[in-house]
Every structure is written in structure tokens, then in C-alpha cells.
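Only the coordinates and a few stated rules stand behind these numbers; no lab work does. Bear in mind that the values here come from a model prediction, so they are computed numbers and not experimental data. All Cβ positions, even for glycine, are placed from backbone atoms using ideal geometry, and neighbour counts span all protein chains on display.
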Amino acid sequence: MSVFEYAPAPESRSIVDIASSYGLFIDGDFVDGTSGTSFKTINPATEEVLSEVSEADAADVDRAVAAARRAHDKVWSTMAGAERAKYLFRIARIIAERAREFAVLESLDNGKPIRESRDVDVPLVAQWFFYYAGWADKLDHVGLGARPRPLGVAGQVIPWNFPLMMLAWKVAPALAAGNTVVLKPAETTPLTALLFAEVCQQADLPAGVVNIVTGAGATGQALVEHPGIDKVAFTGSTAVGKAIARSVAGTNKQVTLELGGKAANIVFDDAPIDQAVEGIVNGIFFNQGHVCCAGSRLLVQENVAEELLVRLKARMSTLRVGDPLDKNTDVGAINSREQLNRITDLTAAGDAEGAERWSPECVLPDNGFWFKPTIFTGVTQAHRIAREEIFGPVLSVLTFRTPDEAVAKANNTPYGLSAGVWTEKGSRILAIAGQLRAGVVWANTFNKFDPASPFGGYKESGHGREGGKQGLAAYLQAQEGDR
Ligand code: TAP
């Protein structure tokens, strides 16, 4: 299929004002880190250095936790829910007002297409704050009895794939419930969290309610192991999630873990094929496949596999890979060299194990980190690319003959975060969805998110739910007499 020539349509980056360096956001102010060390954050599409960011050490984490504790005890937990709601509404409104600035900054620091940061990430972030603002004065209805109490100080650690959205998923329910937070963004994507700190100042949020400590894994470890926090909320890899679970075992800390996934996207022979192809493309190429719930395993019924693959390849040939700030771009840059190496290694394992690789023709930029949208056919359950999370724009295609076989293959994974079912029969959707061990099952769609809908995993995808009142309950405890 030929692709139309499009003139470049770059979004202007003049709307963002990136400082040459950033400190830590502690107790309502930007402050220098104790150690004086910093790290660079780069644009993964060009490798241009965007800024130098302070690296928080254990002493800084200690300062941030102390500030959060003071704010919790003296201001935030004692404030009426309706008053806390006003701050959350104000934050939501400011994010909506500054949406373009956030979208451009997210695309610069993360590499995701502006089409996604502008139309998906940032609108969902505002929605998350609006949604939880609405809950702040209704905590009696969460299901924990009358006047449930906040847990205290939450230590929150988030990954690089949806930097601002993961911040919103963590901060909004925590604040609505009366907790204060210390959040560590990922090392490669700290900038939108630091812009969010400015929003907290703009909203006059009381000092210490939100604290942001930038750094790498060691900063995250110092935060989750700090004895002064009451709740750990982590999103990231299963390996780090297991280490955190071990470190909090035997303490009084509550913990929620949102970890990896290897979702099956199941297409039955009665599915509307073109619609399914769109869903498959959205499922695995959205955000370069850096999505925990990505539909990274396509299970297609054998009698329609050939036809579906022809149409899928034709559709993939129209995907535009390149400048994340170009409004025509569908697939942006891989977030880091490290992640690119991981994708390259795992796909090499796919070749070595005998699967057949296919990518559309596309010219990749000379600088930056890029990977062509890729599918592997002839994949079996034993292949590493069918079992391990690639976290990149790579789809493993398997086939099945019967519904039972589809369910058995879909569930044959250590993960259990999400799944997709494509069929015209409502009864089949319900029957299959009920048998899938996945926290979210999408039917005739994929990668849809809503703040009212709980999200989370089974097995090695973690435990606990974010979103909905379940996500709020994870930041609350019942009064003594109600337990
Ligand atoms: P990780 O390496 O686990 O990093 C996640 C966060 O934890 C980062 O902020 C990281 O800091 C920090 N960290 C690293 N080592 C730590 C330690 N020992 N103690 C405390 N914090 C530590 O994952 P990633 O590569 O950033 O993200 C990709 C993974 O996240 C994928 O497996 C994906 O499936 C999963 N993910 C899951 C979800 C949900 S909702 N289930 C959503 C998004 C991503 P640095 O970045 O500075 O190393």
C-alpha cells in the first residue's frame, strides 16, 4: 500500500521553557540536593541534553519524608475533604489550561508522539485529578465504614513510559484520601513531574503535601525503605517489584505494585477483521509498545490468520515512524539506549529460536533511539518472545483452533494484567473474559483507560488496584471500631 507524502507538521516547542538545571521539590520549594550530584535527561529522539537534574540521596529523601509528615499531620489529613477537593480541582484545571505545554514536554523527554501525549496522556491526567477531586468529600462511600482515615505518607515510584499519567494515577487518589506524598519519577523522564511541582505551587497547595525527589534506582530504594513512610505505591518492572515486596515484608507499610504484562489479544474468526487490525495496531504500537498492558501476543484463530496478517501488514506499512513532535507521527522514539538494547536482544532471540520477523519499509532517523514496528510469525509458546515482556513495538503472533485453546494459551504466562477479545458474539465475549486471568479484559477495543475503572494485575503483574474507588481504598484505613 502506498503512503501519502505528508508535509512535516511539527508542533512548536517554544511553548515549553526548560531550565538548564532543576533541584528537588521539597516542602513547597525547589532546593539543592545534599550531595550536589546531578544527571542529564535527554531527548531520546535526538540525544540532545534537555536539562541537568539533581540526584536525591538518602538525606534528601529523609528531608522530603519529614516535610510530607509535617504536612500530613498539621494540614492535609485534618482538612475537610471538600477543601482538599478544591485543591485537586484547581490542579486539574491548571493541567487542562497548560495541556499543550505538558504534551510537548512529555514528548520531548519521553519520545512519545505528540498525537498521543496531546490526545491521550494529558487529557487522562486532568481527568484523573477531576475524578478524585470528586471523591475527596465522599470517603464514607468507599466501603471502609464512616470517616475512613488516610494511611499517612505515601512513597511513590513510577516508570518512564507514561511519566505524567503514572504521576496522576499515584498522586490524585493519595491526596483525595488525605495522604501526603513523596514521589520519585524515572531517571530518564523527570521533566513533567518537575513541571507538575510548579503546578502545585501555582495551585497554592500547602507546602509538603507533594514532594518530588529525582534520581535513579538508589533514590527509589531509599524512598521505599524509609521507615517514615506508611504506604509504598510502585509501578515498574516485576524484578524491582519483587525486591520492594521483600523490603517491606515485616513492616507496617501498605503496598500496591503495578508490574509487567504479556497480554493476549485474541481474535476469533467472526471478528470484524479491519476493526481488529486497528485494535491490534493500537494494542502494540501505541506508545512504541512501552505499555505494561500492551497486546504483545496476538492469538488469532487459524482459519483467518492468513487474511488477517495480510491486512495487518498493509496497515503497518502506513505507520509513520519519526519525529515525536510531528503531528503526523504514529510511532516515536524508544525511550532510552538501554531499552533499545533490550528490545534488540529479545528480538534477536526470536530470530535465533526460528520465528519469522517482518517489518514495513521505513527510514529511521540517524540520531536517537529507534525500532521499526515489527511482527514475528511462527511463534510458539516456548519462544522467549512469547513469554518475556519486550516492552517495545514488537508483536508475537500465535494461532489457535478452539476457544479452549485460546484461553489456555492466553493464560499460559506468569503475568495477568490485561487481555483483548475480538468477536461479534456478546455471549462469547462474556464466556471468554470470565476465563481469562487478567485484571482488565477489553472487548472489541484495546488500551482504553478511565479513572472510574480499576486497573491492576494477577500473578506477577502485581497486586492492588489503581483507579475507581478501589484505587482510593488503597490509600485509606477504616476507623478502629469499623475494622
Ligand atoms: P523499573 O526499572 O522497575 O523502574 C521503575 C521505577 O523504579 C523507576 O523510577 C526506577 O528508577 C525505580 N527503581 C529502580 N530500581 C529500584 C529499586 N531497587 N527500588 C525502588 N525503585 C527502583 O521499570 P522501568 O524499566 O522503568 O519500567 C518498565 C516496567 O514497568 C515494565 O516491566 C512495565 O510493564 C512496567 N509498568 C507497569 C505498569 C503497570 S500499571 N502495571 C505501568 C507502566 C510500566 P530509574 O528509572 O531511575 O531506574
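Fully extending the segment from Lys313 to Lys40, taken as 0.36 nm per residue of separation minus the present Cα-Cα distance, adds 94.5 nm. Electrostatic bookkeeping for Glu55 treats Lys and Arg as +1 and Asp and Glu as -1; over the other residues with beta carbon under 12 Å from its beta carbon, the sum is -3. Placing +1 on the Cβ of every Lys and Arg and -1 on the Cβ of every Asp and Glu, with no other charges, gives the chain a dipole of roughly 1320 debye about its Cα centre. Ordering Ser20, Ser418, Ser237 from the fewest to the most neighbouring beta carbons within 10 Å gives Ser20, Ser237, Ser418.
Between Glu48 and Ser21, the distance separating the two model label sites (each 7 Å from Cα on the Cα→Cβ line) works out to 2.2 nm. In the stretch 264-450, if the dipole is taken from +1 on Lys/Arg beta carbons and -1 on Asp/Glu beta carbons about the Cα centre, which of Gly289, Pro324, Gly378 is farthest to the positive end? Among Gly289, Pro324, Gly378, the one farthest towards the positive end of the dipole of the stretch 264-450 is Gly289.
What net charge is computed for the residues neighbouring Thr256, neighbours being all others with C-beta under 10 Å from the C-beta of Thr256, Lys and Arg scored +1, Asp and Glu -1? Kindly include the intermediate steps, with their values, before the conclusion.
Details: positive: Lys170, Lys231, Arg465; negative: Glu258, Glu466.
Result for the local shell: +1.
Within a straight-line Cα-Cα reach of under 12 Å, Lys242 can be paired with the following aspartates and glutamates, leaving aside sequence neighbours fewer than 8 residues apart in one chain: Glu258, Glu460.
Between the listed residues Ala314, Ser77, Tyr6, the Cα displaced farthest toward the positive end of the dipole of the chain, a dipole computed from Cβ unit charges relative to the Cα centre, is found at Ser77. Note on the stretch 290-440: Cα-Cα pairs beyond 24 Å make up 37% of the total pair count. The sum of -39500 (n - 2.57) across all DSSP H runs of n ≥ 4, divided by the residue count of the chain, sets its helix-only mean residue ellipticity at 222 nm to -11000 deg cm²/dmol. Full extension of the chain between Ala59 and Ala243 yields a length gain of 64.1 nm, computed as 0.36 nm times the residue separation minus the alpha carbon distance.
What pairs in Lys112/Lys184; Lys112/Lys262; Lys231/Lys459; Lys112/Lys138 have C-alpha atoms more than 32 Å from each other? Walk me through the intermediate numbers first.
Numbers: Lys112/Lys184 20 Å; Lys112/Lys262 21 Å; Lys231/Lys459 21 Å; Lys112/Lys138 36 Å.
Correct reply: Lys112/Lys138.
R0 = 22 Å: FRET efficiency of Gln201 with Asp32, Cβ-based, nearest 0.05?
Working: r = 17 Å, r/R0 = 0.78.
My answer for the efficiency is 0.80.
Would you mind putting 13-19, 401-407, 292-298 in packing order, based on average other-beta-carbon counts within 10 Å, highest first? If you can, show how the numbers build up before the last one.
Details: 13-19: 13.7, 401-407: 15.9, 292-298: 27.6.
Top to bottom by mean Cβ count within 10 Å: 292-298, 401-407, 13-19.
When the chain is described by a simple charge dipole with +1 on each Lys and Arg Cβ and -1 on each Asp and Glu Cβ, the residue from Gly217, Tyr22, Ala263 located farthest towards its positive end is Ala263.
For a straight C-alpha distance cut-off of 15 angstrom, the aspartates and glutamates reachable from Lys74 (same-chain residues fewer than eight places away being disregarded) are Asp27, Glu83.
Considering only the other residues whose Cβ falls under 9 Å of the Cβ of Asn367, what net charge follows from Lys and Arg at +1 and Asp and Glu at -1? List each step's numbers first, then the result.
Working: positive: none; negative: Glu47, Glu48, Asp366.
So the surrounding residues net to -3.
Based on the alpha-carbon gyration tensor of the stretch 29-114 and its eigenvalue square roots a ≥ b ≥ c, which shape applies: rounded if a/c is under 1.5, prolate if not and a/b is larger than b/c, or oblate? All intermediate terms of the calculation are to be shown ahead of the outcome.
Details: a/c = 3.96, a/b = 1.26, b/c = 3.14.
Here the stretch 29-114 falls in the oblate category.
Taking all Cα-Cα distances within the stretch 115-157, those exceeding 11 Å account for 74%. The distance between label points at Thr380 and Ala478 comes to 5.2 nm (points 7 Å beyond Cα on the Cα→Cβ vector). Length available on full extension from Glu361 to Glu405: 0.36 nm per residue minus the Cα-Cα distance, which gives 12.4 nm.
Work out the FRET efficiency for Tyr458 and Asp73 from their Cβ-Cβ distance, taking R0 = 25 Å, and round it to the nearest 0.05.
Details: r = 37 Å, r/R0 = 1.46.
In this case the efficiency is close to 0.10.
At q = 0.06, 0.14 Å⁻¹ the log10 of I(q)/I(0) for the chain amounts to -0.26, -1.37, computed by Debye summation with a single uniform scatterer per C-alpha, solvent ignored.
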